[in-house]
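Worksheet: one structure, shown below.
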Amino acid sequence: MDIVDTAQRQQEQLLSMTLANHRAAWGHGHQSAEYCLECGEEIPAARRLACPGCSRCRECQEEVEACR
Ligand SMILES: [Zn+2]
């Protein structure tokens with residue numbers, strides 16, 4: 001039972017972290033996300049400043065735009 005409890009707690013922790021990350025990404029208008037929504041990599045501050053409202057790292061953004 002202990003192992004199940006621990007796994008469940010870790011799962012909840014991960015979920016709340018993910019939710020907080022998404023809230024940070026979407027909750028403030030055009031503020032850039034701190035972490036890429038696709039791969040979870042940290043987005044460099046220079047990119048966040050250069051591209052306000054971006055929510056992906058450069059690599060993922062290029063992939064998204066290439067698909068359009
Ligand atoms: Zn990415």
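Considering each of ILE3, ILE43 in turn, give the residue that is among the β-branched types (Val, Ile, Thr) and at pLDDT below 85.
Being among the β-branched types (Val, Ile, Thr) and at pLDDT below 85 holds for just one of ILE3, ILE43, which is ILE3.
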Quiz item: Taking the condition modelled with pLDDT under 90, part of a helix (DSSP H, G or I) and within 16 Å of the ligand (Cβ to nearest atom), does ALA20 pass?
Solution: no
Quiz item: Which residues, counting only those in the range 37-60, are within 20 Å of THR18 (Cβ to Cβ) and in a helix (DSSP H, G or I)?
Solution: ARG48, CYS60
Self-check item: Qualifying positions in the range 34-50 - within 13 Å of the ligand (Cβ to nearest atom) and either touching a Gly at 6+ places or on another chain (Cβ under 7 Å) or not basic (Lys, Arg) (or both)
Solution: GLU34, TYR35, CYS36, LEU37, GLU38, CYS39, GLY40, GLU41, GLU42, ILE43, PRO44
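The values are calculated or read from the model by the stated rules, or taken from the named source; none is laboratory data. From a predicted model like this one, the values you see are computed outputs, not experimental measurements. As a convention, Cβ positions derive from the backbone with ideal geometry for all residues, glycine included, and neighbour counts pool all protein chains shown.
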